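Novice: After the structure tokens below, expect a handful of questions from me.
The values are calculated or read from the model by the stated rules, or taken from the named source; none is laboratory data. Keep in mind that this is a model prediction, so the values were computed, not measured. Note that we place each Cβ from the backbone using ideal geometry, even for glycine, and neighbour counts take in every protein chain shown. Surface areas here come from the heavy atoms of the whole protein model, side chains and all, with no ligands, DNA or RNA. Shrake-Rupley method; radii C 1.70, N 1.55, O 1.52, S 1.80 Å.
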Amino acid sequence: MAPIKPSPHLSNVRYEIRGALTRRAREMEAEGLPIIKLNIGNPARYGFQTPPHLREAIAAKLTESEAYGHEQGLEEARAAIADLQRARGARGVDMDRVFIGNGVSELIDISLRALLQPGDEVLLPSPDYPLWSAATILNGGRPRYYRCLPENGHLPDPAEIESLITPRTRALVLINPNNPTGAVYPRALLEQIVAIAARHRLLLLCDEIYDEILYDGAVFQPLAEVAGDVPCVSFGGLSKVHRACGYRVGWMSLSGDPARTAEYRDALQLLAALRLCANATAQWAVVPALQGAPTIHALTAPGGRLHEARRAVIEGVAASDYLELAAPEGALYAFPGVRADRLPVFDDGAFALRLLEQESVLVVPGASFNVPASRQFRLTLLPQPEELREVFVRIERVLAAMAAEQPARAAAFA
Ligand SMILES: Cc1ncc(COP(=O)(O)O)c(C=O)c1O
């Protein structure tokens, strides 16, 4: 019997954050080995809780959540999102230009599906959050990567972005605060990027899901305000800032000159209608999340759990003979690199597999974020600080063992 073949569209689609290494970790767990998992930004798995006022708002509305809702999302919730975006300085946003989805994940796909023709190009950061690459490819587009190098604090170079633009380029994606690097983009850089989008008539797509997760005085600048009349889609959600990944609630709002984006807006609405609506129940948490007292700052301020976890990572890298790090200023991750002067031969995938098999620690190699020849890996800041300190002891053991093998390996090739 002929096997059932998957679509060739999937041949270049990857999501290694839940890929082969994670499957190996599951096998090891099934054999009874406890694994320290640092691979996914899933706060509830590390003991963080969704704020009770969000949970209570949902519980109170269970019986009102039994019907399909509006394809763009609950009106009260969309109004609150539009208010937030306008208060941030976004132009042209009203609730007709807000879409609520089953997480930002679903909306990334919808935003690109409504835009792309086969062969269209999308400018993406390298490293990226790999769903952006996957959704570009699945919708017939071609990723073109601009680099966010560690030596530049993981910030992009606007000149490089502009040099990648061709007649096929349609959109420019930013992730700010960034996953995986933790970079937070300064306003002056965003102004340069907006000018590029304006010159080349590109749609700006800005993934701001970590907008309020900031450390040590870092300031988040919403792109929509800088973009003004330039068409811009801003993404946000409950998963991270409100620690509610499982609720699957994200949103996107379309700002800029409404005349230029009217057809695109209608296409988004059509795609939203085809899937009927997002999870109705969880959308009741949006108003209390946006209008209630903020709950994230207690975690990111000095003494807060995320702040201390980040400190443990920075100190772990500082004490290492092999690692370097542009300290994350926001989001839930660090993206350390292995120094070329200490470990000239380095394969991030082989390192991550060895760290898992020898030390029971699961990280994500940098190559999973579309970085060629990566010397980096990503870990989340979600475990307890003590656990992260232990992780760095284990990482150092593996790197030291790899370093000790290098002369022997070099000799073997001589
Ligand atoms: C940059 C970024 N965008 C989007 C998502 C997906 O978020 P959601 O849970 O809203 O689908 C994630 C999840 O980790 C992310 O890191």
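Novice: I'd like the accessible area for T295: 1.4 Å probe, protein heavy atoms, all chains in place, Å² to the nearest 10.
Specialist: Counting only protein heavy atoms, the figure is 50 Å².
Novice: What ranking of K61, K5 comes out by heavy-atom accessible area, probe 1.4 Å, highest first? Don't skip to the end; give the middle numbers.
Specialist: On the way: K61 60, K5 160 Å².
Most to least solvent-accessible, the answer reads K5, K61.
Novice: Please report the antiparallel percentage of DSSP beta bridges with both residues in the range 52-291, rounded to the nearest 5.
Specialist: Details: 11 of 29 bridges.
Here the share of antiparallel DSSP bridges comes out near 40 percent.
Novice: Working with all protein chains in place, sort C206, C245 by solvent-accessible area computed with a 1.4 Å probe, largest first.
Specialist: Values: C206 0, C245 25 Å².
Heavy-atom accessible area, descending, gives C245, C206.
Novice: Taking the alpha-carbon distance from K240 and a cut-off under 17 Å, which aspartates and glutamates remain once sequence neighbours fewer than 8 residues away in the same chain are dropped?
Specialist: E106, D207, E208, D211, E212, E329
Novice: Might you tell me the accessible area per residue for the chain, computed with a 1.4 Å probe and given in Å²?
Specialist: Numbers: 17630 Å² over 414 residues.
Per-residue value: 43 Å².
Novice: Top to bottom by accessible area (1.4 Å), largest first, where do L274, L204 land? Can you show the working numbers first?
Specialist: On the way: L274 130, L204 0 Å².
The ordering from most to least exposed comes out as L274, L204.
Novice: Using a simple spin-label model with points 7 Å from Cα along the Cα→Cβ vector, what separation in nm is obtained for A293 and V13?
Specialist: 4.4 nm
Novice: What percent does the relative contact order of the chain come to when contacts are Cα pairs within less than 8 Å and at least six residues apart?
Specialist: On the way: 802 pairs, mean separation 94.1, N = 414.
So the answer I get is 23 percent.
Novice: What percentage of the solvent-accessible surface of the range 12-106, computed with a 1.4 Å probe over protein heavy atoms, is contributed by carbon and sulfur atoms? Could you put the intermediate results ahead of the total?
Specialist: On the way: 2500 of 5130 Å².
That share works out to 49 percent.
Novice: On the full set of protein chains, 1.4 Å probe, figure out the accessible area of R55 and give it in Å² to the nearest 10.
Specialist: About 110 Å², ignoring ligands and nucleic acids.
Novice: Leaving out ligands, DNA and RNA but keeping every protein chain, what accessible area does E191 have, in Å² rounded to the nearest 10, with a 1.4 Å probe?
Specialist: 90 Å²
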